[in-house]
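Single-structure report; data block below.
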Amino acid sequence: MKLVMAIVKDDDSFNIMNALNVEGFIVTKLASTGGFLKVGNTTLICGVEDEKVDFVIDIIKKEGHIKKQFANSVNVTGSNYTLPPIEVTVGGATIFVLDVDKFVKV
Ligand code: 2BA
């Protein structure tokens, strides 16, 4: 068994969860915050059989929309200069697949 952990945009989380539920997957939604943009995102965790991992990733890929946005640059130089905003790509999904040693419901 694997644990699929997907960090997605808040806006996409509802559709992704629905699509996974429709296919019979059980999902848990966690509120999270990106360390770079410092804005909320959603972390979905989903325990799945090994052979279904790619199917789950395909569903997330289909429902996660990619867009570009501007973010304030972090000035780590200690100077007073304000750095111009930089364009970053957000959305889609950042997905980790972890091995599950044991899965029990008691
Ligand atoms: P954030 O850390 O807020 O990052 C948002 C987006 O900003 C990133 O999108 C990336 O396009 C850009 N970005 C992040 N760090 C950057 C940097 N040092 N310099 C320039 N641009 C940077 P994604 O890569 O799609 O990541 C979306 C969210 O997924 C991240 O939000 C973070 O919450 C999570 N994430 C991504 N990679 C991760 C990793 N290796 N470990 C843990 N969480 C990760």
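The values are calculated or read from the model by the stated rules, or taken from the named source; none is laboratory data. Not measured: the values here are computed from a predicted model. Neighbour counts run over all protein chains shown; Cβ positions are idealised from the backbone, glycine included. Just the protein is used for accessible areas: all its heavy atoms, side chains included, with ligands, DNA and RNA removed. Shrake-Rupley method; radii C 1.70, N 1.55, O 1.52, S 1.80 Å.
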What order, most packed first, do the peptides 36-46, 84-94 have when packing is the mean number of other Cβ atoms within 10 Å of each residue? 36-46, 84-94
Could you state the angle between the C-alpha long axis of helix 53-63 and the longest principal axis of the C-alpha atoms of the chain, as a value from 0 to 90 degrees rounded to the nearest 10? 50
Assuming R0 = 41 Å, can you tell me the calculated FRET efficiency for the pair D58 and N80, based on Cβ-Cβ distance, to the nearest 0.05? 0.25
To the nearest 10 degrees, the tilt of helix 10-22 (Cα long axis) against the first principal axis of the alpha carbons of the chain is 10
Simple Cβ-charge dipole of the chain, Lys/Arg +1 and Asp/Glu -1, about Cα centre, in debye nearest 20: 340
Can you compute the equivalent ellipsoid semi-axes for the chain, i.e. the square root of 5 times each eigenvalue of the Cα gyration tensor, sorted largest first and rounded to whole Å? 33, 15, 11
Subset of K38/K67; K29/K102; K9/K62 violating a 19 Å alpha-carbon distance limit: K29/K102
With every protein chain present, what is the per residue accessible area of the range 2-99 (1.4 Å probe, Å²)? 66
For the range 2-99, which whole-number percentage of the solvent-accessible area (1.4 Å probe, protein heavy atoms only) is attributable to carbon and sulfur atoms? 56
